[in-house]
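In what follows, a structure is listed as structure tokens, so that the remarks can point back to it.
The values are calculated or read from the model by the stated rules, or taken from the named source; none is laboratory data. Since the structure is predicted, the reported quantities are computational estimates derived from the model, not experimental observations. Neighbour counts are summed over all protein chains in view; Cβ atoms, including those assigned to glycine, are modelled from backbone coordinates with ideal geometry. All accessible areas refer to the heavy atoms of the entire protein, side chains included, with ligands and DNA or RNA removed. Shrake-Rupley method; radii C 1.70, N 1.55, O 1.52, S 1.80 Å.
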Amino acid sequence: MEIFLASGNTHKKIEIQELFPEHTFLIPKDRGITFDPEENGNSFFENSLIKAKELWEIVHQPVIADDSGICVSILNNRPGIFSARYCGKDEEIGIRPVSSGEQNRLLIDEINCTIKLHNLSGPTHTLRRCYYVCSMVFYYDEFKYASVQETMEGYVISDIAQQKGIGGFGYDPIVFLPEYGKTVAELTAEEKNRISHRGKACSLLKPLIKLVENQGL
């Protein structure tokens, strides 16, 4: 099945293609389609559905959309849906574009400042707990879709100098997974596809896509 991915992120397309080798994935720019939806939902699911529905209405082919981000417990689960636009506690979210590396530094700084401000103490894995969220929608016909959501837990390192790994993207070099003894960016592709929020969401979605394919919908 040929499926459109509602994203302009080439890294994400590669990950999804690895997770669904039985299907062919396209992103809008592969077909010269301009696609820039307004992600004005209040949750990962709402933003995912907005993207899926809007692209389906353009291509009228099956579409997968996902909205994902990182939530830090001590920051009241921020940046959350604003993860891609995060620019630090002293700036309004989305006010200025910053690089991925700068986002990582700003997030670590905000966590450190919050811990210091409130004089907090405790185990690192509790104090700096975070989790990735992936909400994924498979939109296959008008008003017809399936949705799944998964997470991956870890903790944010305390110093940008401790970041490790060249795999993945975004916050991956600063999120440590205790059970693996490495950051998300140090995971092999096989490990990440198996345990990541996106990998687990894809695993849940696979049988639903197969069902739709078998029914010829």
Relative frequency of Cα-Cα separations exceeding 25 Å in the stretch 1-140, percent: 37
Probe 1.4 Å, accessible area per residue of the chain, Å²: 50
Chymotrypsin sites (Phe, Trp or Tyr not before Pro) restricted to the stretch 95-152 and DSSP loop, no more than 15 other C-beta within 10 Å: F143
Cα→Cβ-extended label distance, 7 Å offset, between S203 and K144, nm: 2.8
Simple spin-label estimate for R194 and Y180 in nanometres, 7 Å along Cα-Cβ: 1.0
Net length gained if the chain between H23 and S100 were fully extended (0.36 nm per residue, minus Cα distance): 24.7 nm
For the chain, built as a Gaussian network whose Cα springs stay under 10 Å, the top-fluctuating residue of P21, P37, P97: P21
Kirkwood Rh, Cα atoms: Rg over Rh of the stretch 118-217: 1.12
Computed log₁₀ I(q)/I(0) - Debye formula, equal Cα scatterers, no solvent, the stretch 1-62, q 0.18, 0.20, 0.21 Å⁻¹: -0.65, -0.79, -0.87
Nitroxide proxy distance, nm - points 7 Å out along Cα→Cβ at K164 and E38: 4.5
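Tell me the carbon and sulfur percent of the accessible area for the chain, rounded to whole percent, probe radius 1.4 Å. It would help to have the intermediate numbers written out before the result.
Working: 5420 of 10860 Å².
Whole-percent figure for carbon plus sulfur exposure: 50.
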Highest-fluctuation residue, V98, V72, V133 considered, GNM on the chain with Cα pairs under 10 Å: V98
Gyration tensor (alpha-carbon) shape descriptor, the stretch 91-152, a/c threshold 1.5: oblate
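At a temperature of 4 °C and a viscosity of 1.567 mPa s, determine how fast the stretch 121-167 diffuses translationally according to Stokes-Einstein, using the Kirkwood radius over alpha-carbon pairs as Rh; express D in µm²/s, rounded to the nearest whole number.
D, rounded to a whole number, is 94 µm²/s.
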